[in-house]
Each structure stands twice: as C-alpha cells, then as structure tokens.
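Participant: Mind having a look at this structure? Questions to follow.
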Amino acid sequence: MRAFFKKLRTAVFFRKLLVSYLLILVLLTGILLFLSSSLIGTISNYSRQLAYKEAISYQSSLESNLDALDSLARELSGDQAIQTFLACNGDIPPQLHYDLPSIIEKLNSYKFLSIYINTIFIYLPQQELLITDSSVYSIQIWNQYHLNDDRFISLLDEFHAGSRISLNGTGRYASDIAILYTLPYGSSGNGKGTLAFVVDPMLVSPYRDASDLPTSSEVFTVDDSGNILFSSISSQELVEQYGLDPGSLTPGLHTLGDYTLYAVSSAKYPLLHVAFIPTLDFARTLSDSQTIAFICFVVLLLSGFLLSIYLANYNYRPISSIASKVSPGSAAEESALQCIERSIDELMDIRNSSARLISQNHSLYMEGLLYKLIHGEILSDSLLTEYMNKFHLTICGPYVQLIRIYSEYDSLPKSLLAAFSQPPLADSRQEWHILSGRYDIKIFYFGASTCPPYEWINNILHGYRDQLMIAFSDIHRGLTQLAFAYEETQKITDHMSFLGERGEMHYSEISHVAVSYDRNLLFEMWFKKYSNLLRDQDFDAARIIQRQIFDELKNNHYSLPFIKCKIFSFIDHTVSVLADMNEFNENNLWEKYSLMDRLMDCSSIEQLESEYYSITQQLSEHLLNASPQESMVDKIMAITQEHYLDPMFSVFYVSEQLNVSNAYVSKAFKKGTGRNMLDYVQRLRIDHAKSLMSQPELTLSAIAIQSGFCSDVSFIRVFKKLEGVTPGKYRSHIPS
C-alpha cells in the first residue's frame, strides 16, 4: 500500500494511467445507471400499461355481449306471436292463450343461449302481465315472488329501449341487472310493451386472463349516472372495501391508494369501463430492482477501482523494470522513475513539435516530393506511399501531367513568375502545383480527368508565347510516371530549341518529326548514359553502350560523314567527363592523343570502330591511372561544409553541383576519405547540435531544425546512434 501511494505521489505517468482507467470506469458506471434507470422506469410503467390493456380487453368483451342482447331484442320484437299479443288493447282473448306456450318456449330457448341471462320476460302494461321463460304472471305476483321491490313496476314504465337498471329488493333477482327494450307494434312503432333481460352483472362483465393479471385485479362498468352496473365483484364491496367513488371517474389514468385505474369510455353506449390493478406487487418488484441495481453499482465501483489499480500497475511495470536498472537523474531529488517519465514527456513534446514542423513546411516537403518524382528517385508505389505518409502529403489522382515553360537564354520575366506564384485552389477532382526556377516553370497537374482545364494557364501566358517554349507532356496514370512526363517535356524543349521554334507544343506532335531527329535524340541519350557510366567507373556497362551505338551505326546504313560526326560527339563526351573529373584541359587530351587526326584519317565504318576502341582504351587507362578522387573529394567536402545545415541537402544536391552521378559522388568520397558520406554529414550536424546545447533558450526542436534535421524524431535517432544517449539526457549533464 505504501508503494502504491508513493507511485501515486511521484509517478506522473502512473497517475495518468490510473486516471484513464478510472474515467473508463465512470463511463461504464454511467451506462449502467442509464440502463438500470430505464429498467426501473419500465417496471414502474408496467402497471399502467397493464391496466390500460385490461380495460380495453374488458370493454371489447362486455360490449360484444351487449351487442348480442341488442340483436336478440330486435329478433324478438319482430316475432309474429308477440306482435299478436301487443295488438290486444284489453284482456287477452281466450283463443290467444294457446300461443302462450310457444312464446314461453322461445324465451326459454334464448335464455340458455348465454350463461349470464337469468331470465327473459315480456311486460304487457295494459294487461299488467309478464310472459316469462317459464310461465305467465301478473306483475304483482312475479315481483313479490322473484324480486320483492316496490319500485319495480314503476321502473318498467319509466325506462325505455336500451336502458340498464340495477334491481334491488330481497328476491331471487335482487342485485341483478335488467336491460330493457321497448316493444313496438305495427308500422307506427308506438310502444306497446317492454322486453327485459335480467342478467348476472358478475357473469356478463368480466373477460380475464389470469396469467396476465394479478389475482386481486378487478373490472367494472359505470353508467352516466355514476351507478355500477357490471363488475367482477359486488358493487357494495367496490365502494366499501376500496373507497371508490364511481361518479367521479373520468376517462384516463387514475391512482387510488395502492391501485392503478384506467377508465375507457364507450363509443356505442353511455358507459365507462374501468380496470384497476394493485401496484403493491409491482412496487415490490420495483424495490427489489432498485436494490439489485444499487448493489451492482457498488460492486462495479469497487471491482472497477481495484481493476484500474491492477491495470495501471501492470502497464507501468515495464517502466518500473527499466527504472530499476537506471541510475537517478542529475538532481538529487529525482528518482529513476521520474527521470524516465521526464524523458518520455520530452519525447512526446519532440514528436508534437515534429508534427507541427511538418505542417508548417508542407509546401517544402511537397516540392521535395515533386523533385524526387521527376528525377526518378521514387519509382515504386510503396516508396511513394511511405514518403507521403511520413510527411502527411496527399495528392489527387490518378492522372498526372507536366507543363514546362522554358526560356533558353534569358531568365523568365518577373511578372510571369509572380503570376505563377500561386496555383488555382484545389478541389476534390483536381489540384495544381508549381515549381519555379530562373529559366523554367514546371506546372504539375493531378486530377481525376484526362482533360485538364488550361484556361488559367492560357490567360497568364497571353503575350508571352512568342518568347517562351511551352512543353506539354502526355497525360499519364500514376504519380511515379512523372519521370516520363519530365523526360517528354525535355524532348519537346530540345526539339523546339533545335528548330528555333517558340510557342506551345504537345509531346504527341513530335512523334511525327523526321527520323533523323529521332536518331539524334537516341544518340544523345546514349552519350549521356555513357558519360554517367564513365563517371561511375562502370566500364562493363559502358562497353555495352558502345556496342549498342556501333550496332545502330552499322545496321542502319548511315553516311560516313554522319558516322564521323557521331563518333566525334561520342569522343567529345568522354573527354569532357575526364576533364571534369581530373580538372584537365580538354584541348590537352585532344592534342596528347591526336584524336582529331586519327578520326579524320578513317575511310570506313570498320576503321572508325577500330580507331574508336583504341582511343577509348587509352582514355580508360588515363582515367584509371589518374587520381581524381583527391580533387573531387575536396570539392565534395567544400560543398558539404557550406550546405550541410540545409535539411534538403543530400548526395543528389552534390552530384547536381558537380554534374556527376550520385553513385560517383558516393564512391569518390568513400575512396578518398574511407568514410560513408551520410555518416560524415550526420557527424557534422550532431557536432553542430552539441554546440547549440549550451544555449538554454533553444528547445530541442529548434536545435534539430538549425542543425539540418527534417524532424525531431530523426534528430533523436541519429544523436542516440552517435552519442549513445538521447539529446535530453546529454543536455542535462551540461553544466549551467
């Protein structure tokens, strides 16, 4: 426990780990609280939803029974025998007495259609008789025997069709419900009698599924006067036991003590159907759910807190292991853990600074990428993706084109350079990039269309076309094809320069030029390649180029003057290379080996070939016997000393300055110094960085930039490789 609190107090990274895990715990706890509250809310709403469902089911069941009684009443009112009795204005004639058994039998058969019908009778008010499902009674005798309610006769006279009344008294049908219908007679429809259904209110009303409801739930129906007509228990018990006031009920949700009531009004009848269920069972479930949720919440907090401590310790263990093997920092109060954490923080700061530097120098990195692409330094998609990801570069695609604006002798007008200083704004389908130099402007198109919009270029070049050479390459697919596009523009400018033309030309146009000009370009390409191989001292590859040249000269029947001209040019390229590499005078080489005379004396292709090989053999021996590396190394080191602090400095820059190949620069430097040129440049940069370490106002990021490194990450990596420690560690040991 003491070790835990010590780490919590001194180890910043440990505290960050612990806080991050605790935040995850808080998030999970919040999710649990939300789910539990939703569950509890669902449980609390369940009783209301259940009451509503039961009220709707109850209404449907009861009104279907009332509809059945209405249908039965319409059928009986049209019965011919009953109509005959209704037609009597006084005593019933004796001959009609024979029809009474058929009416009684019909009423009795209807009575047994539904279990909730206790009796059916027809009341004839003029005769004061009741024809029942069992016999014929005077109204007084039936009332006395079956009901014993003094109000019964007046009720039959007062209520009309479709009325529902509660029966009182002490007789057999007391507490039942009488549903009354007027029996009309004839076409006039005047009332001549009353049809009554006496039903059991507790049988006609309930429709219940015991598996869906608590055992103590009830249903009942109230009329518009507030009387309880139908119910699953007696109306007296509803009022006395539950304290119900039927007259105060309105459609909707109600709460009565520990009960939830839901009332539904009827669209057919002046009735209000009510279902009420106890909330006690749900309240117990709700309380249990809240208790379970609270326990789960506490357990989650405790277990999550312990798990957070464990995970923080587990992930911090590698740092602790390293710290046990590292001595404390320079400050006496700094522990090994604090030293490591401080180094990690410094590394993170350096990475952030590097990301900011990359963002600030986005255009510089983009120019570097374009230069690499047109000079063929990036030829594979994997290398291109790696470079673009490293410097966070994105380019539209997949089509590319290069447009080169070139001035052969004079520098480009300042007004033109200013006009091309900013390319048009990029969008999702196209973007433009511009590289400006003293004598040329390279315009790069990247887009999704093979028909780039040249209007903005044409507008700027208006008035300059007669002074400049404007070369359009073909449109290629893929960024790595820019090297071919650049070569195409060079061919175009060479062609226009050869013909003395100015204006605009596309690469497709020079495919129709004379064959002789194509051959000139071919020979020039071979000569340049041969010169580069000589600079690299790759004589085997150079001999292959020689063989290709003479095969071309012999197999295509060129004239002897043309062949001599090409051989002169070939020898001249070779001599120029030797002069550049050894700082000799070109004229001395021509005079020393009598090159001009030896070539002019040849009268056939065979003699020229033999003499050529003799000359090249002498020149090769001259190259091998010379010691060009001493003077070349001096040049390389002078250029390196002057430019090594430039982040874009590389072997490519040196080779361009000296007009030799990259490979030759590397080999010459290695042979002359015994060192790798990259290692030499890195040592210069690190020594310069160490000299800046004593300036406390400079951050490591600033030192990295001023020392020629593109990013803080590369600075730290090289510094650690050469010095054995990180820059921050090295700086901490420098006396103030």
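Read-outs throughout are calculated quantities, based only on the coordinates presented, and are distinct from any laboratory measurement. Because the structure is predicted, anything quoted here is derived from the model rather than measured. Neighbour counts run over all protein chains shown; Cβ positions are idealised from the backbone, glycine included.
Participant: Project the alpha carbons of region 363-446 onto their principal axes and report the range along each, largest first, in whole Å.
Facilitator: Largest to smallest, the principal-axis extents are 40, 28, 21 Å.
Participant: Given K528/K592; K491/K671; K372/K667; K372/K491; K390/K721, which pairs have Cα atoms separated by over 27 Å?
Facilitator: Violating the 27 Å limit, Cα to Cα: K491/K671.
Participant: Based on the alpha-carbon gyration tensor of region 361-512 and its eigenvalue square roots a ≥ b ≥ c, which shape applies: rounded if a/c is under 1.5, prolate if not and a/b is larger than b/c, or oblate?
Facilitator: Note, shape of region 361-512 comes out prolate.
Participant: At 0.36 nm per residue, minus the direct Cα-Cα distance, what do F112 and S576 gain on full extension? Give it in nm, one decimal, please.
Facilitator: Computed gain between F112 and S576 is 154.1 nm.
Participant: Under 8 Å for C-alpha pairs, at least 6 residues apart: give me the relative contact order for region 76-164, rounded to a whole percent.
Facilitator: About 19 percent, as a whole number.
Participant: If r is the Cβ-Cβ distance from H254 to T291 and R0 is 30 Å, what FRET efficiency results, to the nearest 0.05? Provide the component values of the computation, followed by the final result.
Facilitator: Details: r = 29 Å, r/R0 = 0.96.
That pair, H254 with T291, gives E of 0.55.
Participant: Just subtract the alpha-carbon distance of Y371 and D551 from 0.36 nm times their residue separation and send over the number in nm, one decimal.
Facilitator: Working: separation 180, 0.36 × 180 = 64.80 nm, distance 3.50 nm.
Fully extending the segment from Y371 to D551 adds 61.3 nm.
Participant: Can you bin region 23-108 into rounded, prolate or oblate? Criterion: square roots of the alpha carbon gyration tensor eigenvalues sorted a ≥ b ≥ c, rounded for a/c under 1.5, prolate for a/b above b/c, oblate for the rest. Numbers along the way, then the final one.
Facilitator: On the way: a/c = 8.83, a/b = 7.71, b/c = 1.14.
Prolate.
Participant: Using a Förster radius of 22 Å, what is the FRET efficiency between L560 and E524 based on their Cβ-Cβ separation? Nearest 0.05, please.
Facilitator: Working: r = 20 Å, r/R0 = 0.93.
It comes to 0.60.
Participant: At 0.36 nm per residue, and after removing the present C-alpha to C-alpha distance, how many nm does the segment from D646 to E455 gain when stretched out fully?
Facilitator: Between D646 and E455, full extension yields 65.0 nm more.
Participant: List the GluC sites (Glu not before Pro) within region 656-736 that DSSP assigns to loop and that have no more than 10 neighbouring Cβ atoms inside 10 Å.
Facilitator: Passing both the DSSP loop test and the Cβ count: E697.
Participant: Taking Cα centroids, how far is region 385-406 from region 686-736 in Å?
Facilitator: First find each Cα centre; the distance between them is then 32 Å.
Participant: In region 417-467, which trypsin sites (Lys or Arg not before Pro) fall in coil by DSSP and have 14 or fewer other Cβ atoms within 10 Å?
Facilitator: Values: sites: R429, R438, K442, R465; in loops: R429, R438, R465.
For trypsin sites (Lys or Arg not before Pro) across region 417-467 that sit outside H, G, I, E and B with at most 14 neighbouring Cβ atoms in 10 Å, the list reads R429, R438, R465.
Participant: Taking other Cβ within 10 Å of each residue's Cβ, how do H476, H495, H375 sort, fewest first?
Facilitator: Ranked by crowding around the Cβ, least crowded first: H375, H476, H495.
Participant: P125: net charge of surrounding residues, Cβ under 13 Å, Lys/Arg +1, Asp/Glu -1, itself excluded?
Facilitator: Charge balance near P125 sits at -2.
Participant: Return the FRET efficiency for the residue pair I344, Q657: r is the Cβ-Cβ distance, R0 is 51 Å, and the value is rounded to the nearest 0.05.
Facilitator: 0.75
Participant: Tell me, Kirkwood radius of region 634-736 from alpha-carbon pair distances, in Å?
Facilitator: Evaluated over region 634-736, this radius sits at 14.5 Å.
Participant: For C296, C451, which order do you get if you count the other beta carbons within 10 Å of each Cβ and list the fewest first?
Facilitator: Numbers: C296 12, C451 8.
Fewest-to-most Cβ neighbours within 10 Å comes out as C451, C296.
Participant: Let me ask you something else. Suppose we take every Cα in region 388-436 and form the convex hull; what volume per residue is that in Å³?
Facilitator: 111 Å³
Participant: Also, I was wondering about something else. Tally Lys and Arg at +1 and Asp and Glu at -1 over the other residues with C-beta under 13 Å from the C-beta of Y269: what net charge comes out?
Facilitator: Result for the local shell: -3.
Participant: Next up: Can you pull out the trypsin sites (Lys or Arg not before Pro) in region 97-174 that DSSP calls coil and that have at most 14 other Cβ atoms within 10 Å?
Facilitator: The qualifying sites are R151, R172.
Participant: Between A418 and N389, what is the label-to-label distance in nm when each label sits 7 Å out along the Cα-to-Cβ direction?
Facilitator: Spacing of the two 7 Å Cα→Cβ label points: 4.4 nm.
Participant: Return the tail of the calculated pair distribution for region 696-736, meaning the percent of Cα-Cα pairs more than 16 Å apart. Display every interim value, and only then the final one.
Facilitator: Details: 263 of 820 pairs.
Counting every Cα pair in region 696-736, those more than 16 Å apart make up 32 percent.
Participant: Another question, then. What spacing in nm lies between the two simple spin-label points modelled at S154 and S363, each 7 Å away from Cα in the Cβ direction?
Facilitator: 10.8 nm
Participant: In which sequence would E488, E591 go, from the one with the fewest C-beta neighbours within 10 Å to the one with the most?
Facilitator: Ranked by crowding around the Cβ, least crowded first: E591, E488.
Participant: Using just the alpha carbons, could you tell me how many Å³ per residue the convex hull of region 49-280 encloses?
Facilitator: Enclosed volume per residue, from the Cα hull, is 124 Å³.
Participant: A further question follows. Would you mind computing, in nm to one decimal, how far apart the modelled labels at S266 and I544 are, each placed 7 Å from Cα along Cα→Cβ?
Facilitator: Taking the simple label geometry, S266 and I544 are separated by 10.6 nm.
Participant: What are the residues whose amide H is under 5 Å from the amide H of G193, where those residues sit 5 or more places off or on another chain and H is modelled from the backbone?
Facilitator: Sorted by chain and number, the residues that satisfy this are L183.
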